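Written out below as structure tokens is the structure these notes cover.
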Amino acid sequence: MLTDLTIHELGARFRRGDATPTQAAREYLARIAALDPTVKAYLTVTGDAALARAAEADARFKSGAPLGPLDGVPLGVKDVFCTRGVRTTCGSKILEGFVPPYDATVVARLLGAGAVILGKLNMDEFAMGSSTENSAYFTTRNPWDLSRVPGGSSGGSAAAVAADLAAATLGTDTGGSIRQPAAFCGNVGLKPTYGRVSRFGLVAFASSLDQVGPFAKDVLDAALMLQAIAGHDPLDSTSAAIPVPDYAAELGLGVQGLKVGIPAEYFIEGLDAEVEAAVRAAIETLKGLGAKTESISLPHTEYGLAAYYLIAPAECSSNLARYDGVKYGLRVPGARDLIDMYSRTRGVGFGAEVKRRVMLGTYALSAGYYDAYYGKAQKVRTLVQRDFQKAFERVDVIVAPTTPSVAFKIGEKEDPLSMYLNDVFTIPVNLAGLPGLSVPAGFTKAGLPIGLQVIGKAFDEAMLLRTARAYEAATTWRERKPELAA
Amino acid sequence: MSGAYDVVIGLEVHAQLLTRSKMFCGCSTVFGAPPNTQTCPVCQGMPGTLPVINRRAVEFGIKTSLAIDCIVNADNRFARKHYYYPDMPKNYQITQYEEPLAEHGHLDIEVDGAARRIGIERLHLEEDVGKLIHEGSLETAQSSRVDFNRAGVPLMEIVSKPDIRTSEEAGAYLRRLRAIVVYLGVCDGNMEEGSMRCDANISLKRAGATPLGTKVEVKNMNSFRNVQHALEYEIKRQGRALDAGERIVPETRLWDPDKGQTVSMRSKEFAHDYRFFPEPDLPPLNVEARWIEAVRATLPELPAARRVRFMRAHALTAYDADLLTGSRALADYFEAAVAQCGKPKAVANWILNELLRELPGDDERAVAACAISPGNLAGLITLIEDGTISGKIAKDVFEKMYRSGEDARTIVSREGLTQVADAGALGAVVDGVLAEHAKVALDYKAGKKAALGFLVGQVMKATAGKASPGVVNSLLAEKLSKL
């Protein structure tokens, strides 16, 4: 089946003429039709557009002029990205009926690389959440155990790759929203350095933290996806004008002689024993491959979560102010006056988690509280950044668990604070703007995936990919597939 | 209340920058286009869109900062200012808050010959908002539409220190500032179209007292005259209130030019919480010294310097030089005319006494659109200087030039307005007048010298004003002495 294949395997078939992009697109669309009612990864499937683009790719392969490794490859994108002419909901009711007249830069780059986009993937509303239970539409299931969450907020993107409903997908990571669902769903998830990938057309949650990245079936695929989307974009002033290396070319360099930092603060009480065992075993594997490990300290880790839950809501309260019922999306009729229209529309259009964060953020930015909350959180952010800077003076890469536990049951975490704790190991990386990657590192006895997090220096995604690839090559975790039946 | 209070005024001036594109996107800024034809996803604040700073707008801001002696901050950044209103696409405005483009400048003004220096607190950049169009009046409108053409247009806000003491000083400050931005070519200075907008903060305190009085903000003044009248009104209103022992309420008031008074708009005691925070979509803007120097090199001669040069090079009075340099177009017009006829004093007089009376306004466009070109004015002056026409005829010719756009020589020759200086031809006319007014001539001989003026007038009348007054005078003197 073509849907089993990675991007690079699929591309090889296309080039050899053993398969065509249209065949791949048809197989994926058929599998989505059969399995997605169970997994519920897709919010919107764009079958006709996908087949049309696949036919164009067919022609390119036939003429011997394919555009590159992504040409003709069926992919999915999180519904946080604007797609021209295709409804974009961001998992929210407030964007109901919104059809952007523009493509996000990353979407444009994927299309420019010849990719076939199958549709838009489910997510927590405005990317706020760790389980995809906050989607205004439905909850996506974890393909490894349908009673469990796929993680979030990019749960649809992670589940789609795990269930072979797309060859690879794009998600976003503000506090762990790529790495945590990748760990829960057993695939490779990469959050690049802040500024590495354009945010233009990405519906903003917290502008200073959001970053776009891929979910993939293996590390090489993640490298190919990053290659396609990375690089400066004149439409995003925060995107960096730093050259993008050839990630695939550096993948095979191995970890011989690399210094790998193990942060003491990431092996704490509350860390699931099976997760800890798997991560420790992974560290041994890396040592066996020639890496040197070193204990390091990131002393401000414990304050990261608190700082994040002030900064992210503050920015979200500002970014979400534009959803007011005036120009697009939902407007609740029957209002008495303007303020009533705003209140009713936002009251109905936003879910509980979004409202909670908007209120938190509004409070944190309000006159008289700014210094105590937002200002203080920014200072903590600087301390967290310095922790990493210091650590990276001694080590090349840091490894740690991606999440404290494996995928939990749908409805299990009703208390928002216990939900927030899920991101405790991923959030500091966002605060520092660094790249982070989650690679499968084993399974619990119950058969749930465990993720190993690799953290690198700014703009050194190549180091993460190379470390993860060495580990992946030495293990067999990625051979296991969830059992799914229509 | 006279003299009992010190008046403290600070002005906030918004100037629309003459960039071709908006502050954070590539949309056009041309005025008057059909609603929402000059918008894109970025200036409409659509989901996922991001701002990109207009380099030219920053350059214009630097240019102005240098002209008003501000210190340009090497590190400055944008912030978000939040409030809900349907004309604001993102429900926050991108502006500069704690780290503005420039600070600590000043502007020198002169009122009744006395020089004053007004401090400039800061100059910062921001984006404009859109415009609401109500179907009918605001109160009864069944629906309202939003035009986002103006949303995202670059604005520069210049905040004065509370150094202004009178409405005249406020007017002088505004005129000087307007002249500067127009000279720099960064703003067209058109207050009626809203390219320049002014808000005033005004408070009164007991003369000599240190604590400042309660501040009232006055908005909605769209001409220099409005600003002066509104401030005069407020000075009187607050003075009377204080005299009566009333408390001044901190509030925002609007100037109603029809009623000639300010009216309360909203109380400042429920001031909005704008929740400013640094704009995370824009990295800090680093203005390197090299950039500042490059902009400095492009500064034109500014009004103050030009004024001094006009006085020195053209021997103009301070008053004339001030008026002429108040507008770049007017000063350019003056220099162009002088270059052609070499008579600065005459050119200044014709511009200040005749041309300004005819022009629909003294703004740049009125001067630019004027039918009399500087060359044509110079031509008119040359005809007077060489005695071809009289000063009186010249005024009629000027009128005709203004209506038709023709040059003076064409009008003079077509209508036969050339001055008659021929003693032979004029002698006959003089003889006729003397014969007709023999009694007046005798009065003159008897010592009534004023009678001469009457006789000159009669000759002029008979020649339809074309007679050369010098020749008429000498002919009359000669013939009267022979009587």
Viscosity 0.692 mPa s, temperature 37 °C: give me the Stokes-Einstein translational D for segment A:125-236 in µm²/s, with Rh taken as the Kirkwood radius over C-alpha pairs.
239 µm²/s
Eligible lysines near B:Lys236 by straight Cα distance, threshold 24 Å, same-chain separation 8 or greater
B:Lys161, B:Lys205, B:Lys215, B:Lys219, B:Lys259, B:Lys268
For segment B:275-288, 3J(HN,Hα) per residue [Karplus equation, 6.51 cos²θ - 1.76 cosθ + 1.60, θ = phi - 60°, Hz, x = Gly/Pro]
6, 4, 7, x, 5, x, 7, 10, x, x, 8, 9, 9, 6
Interface A:B - total buried accessible surface [probe 1.4 Å, Å², rounded to 100]
2700 Å²
Exercise: per-residue mean of other protein chain Cβ atoms within 10 Å, B:272-284:
6
Please work out how much length the chain gains when fully extended from A:Arg84 to A:Phe267, using 0.36 nm per residue of separation minus the C-alpha to C-alpha distance, in nm with one decimal.
61.4 nm
Work out the length of the dipole vector of segment B:91-181 about its Cα centre, built from +1 on the beta-carbon of each Lys and Arg and -1 on the beta-carbon of each Asp and Glu, and round it to the nearest 20 debye.
220 debye
Considering only DSSP beta bridges whose two residues both sit in segment B:202-315, what percent are antiparallel, to the nearest 5?
65 percent
Label point 7 Å beyond Cα of B:Arg357 along Cβ direction - residues of segment B:373-412 with amide nitrogen under 16 Å:
B:391-403
Rounded to the nearest 0.05, what FRET efficiency do B:Lys345 and B:Tyr83 give with R0 = 60 Å and r taken as the Cβ-Cβ distance? Could you check?
0.60
Segment A:327-415: trypsin sites (Lys or Arg not before Pro) in DSSP coil with no more than 15 other Cβ atoms inside 10 Å:
A:Arg336
For helix B:423-436, what angle does its Cα long axis make with the longest principal axis of chain B, in degrees from 0 to 90 and rounded to 10?
80 degrees
Name the long-range amide H neighbours of A:Ala441: under 5 Å, sequence gap of 5 or more, or other chain; modelled H, no Pro or chain starts.
A:Ile450, A:Gly451, A:Leu452
Which whole-Hz ³J(HN,Hα) couplings does segment B:147-153 yield from phi under the Karplus relation 6.51 cos²θ - 1.76 cosθ + 1.60, θ = phi - 60°, glycine and proline marked x?
10, 9, 3, 7, 5, x, 5
For segment B:309-409, just say rounded, prolate or oblate: build the C-alpha gyration tensor, square-root its eigenvalues into a ≥ b ≥ c, call rounded for a/c under 1.5, and beyond that prolate if a/b exceeds b/c, oblate if not.
oblate
How many nm separate the modelled label positions at B:Lys439 and B:His272, each set 7 Å beyond the Cα in the direction of the Cβ?
8.1 nm
Where does helix B:224-243 land angle-wise versus the long Cα axis of chain B, in degrees 0 to 90, nearest 10?
70 degrees
Whole-Å distance linking the alpha carbon centroid of segment B:344-390 with that of segment B:428-442 is 38 Å
Please check which bits of segment B:402-421 a label hung off B:Asn473 would reach, taking the label as a point 7 Å along Cα-to-C-beta and the cut-off as backbone N under 17 Å.
B:420-421
If each part is reduced to its alpha-carbon centroid, segment A:6-54 and segment B:11-46 end up apart, in Å, by 43 Å
To the nearest 0.05, what FRET efficiency results for A:Lys287 and A:Glu393 with a Förster distance of 25 Å applied to their C-beta separation?
0.70
Please give the helix B:451-462 orientation as an angle from the longest Cα principal axis of chain B, in degrees from 0 to 90, rounded to the nearest 10.
80 degrees
With label points set 7 Å from each Cα along the Cα-to-Cβ direction at B:Ala425 and A:Glu9, the distance between them in nm comes to 11.1 nm
Amide H neighbours of B:Asp256 at under 5 Å, excluding residues fewer than 5 places away on the same chain, with H built from the backbone geometry, are B:Gln261, B:Thr262, B:Val263
Given points 7 Å out from each Cα along the Cα-Cβ axis, report the B:Ser143 to A:Arg336 separation in nanometres with one decimal.
2.4 nm
Taking amide hydrogens as modeled 1.01 Å from N in the peptide plane, which residues meet the under 5 Å criterion relative to B:Ile120, leaving out close sequence neighbours?
B:Gly105, B:His106, B:Leu107, B:Lys161
Can you work out the FRET efficiency for the pair B:Glu246 and A:Ala367, with r the C-beta to C-beta distance and R0 = 25 Å, to the nearest 0.05?
0.30
Kindly rank A:91-98, B:444-451, B:282-289, A:432-439 from highest to lowest mean number of other beta carbons found within 10 Å of each residue.
A:432-439, A:91-98, B:282-289, B:444-451
Exceeding the 18 Å Cα-Cα cut-off - candidates A:Lys191/A:Lys287; A:Lys376/B:Lys90; A:Lys78/A:Lys413; A:Lys327/B:Lys131; B:Lys392/B:Lys445; A:Lys40/A:Lys445:
A:Lys191/A:Lys287; A:Lys376/B:Lys90; A:Lys78/A:Lys413; B:Lys392/B:Lys445; A:Lys40/A:Lys445
Just report the Cα centroid separation between segment A:106-179 and segment A:231-274, whole Å.
21 Å
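The values are calculated or read from the model by the stated rules, or taken from the named source; none is laboratory data. On a predicted model such as this, the values are computed, not experimentally measured, just so you know. Neighbour counts are summed over all protein chains in view; Cβ atoms, including those assigned to glycine, are modelled from backbone coordinates with ideal geometry. Heavy atoms of the whole protein, side chains included, go into the accessibility calculation; ligands, DNA and RNA do not. Shrake-Rupley method; radii C 1.70, N 1.55, O 1.52, S 1.80 Å.
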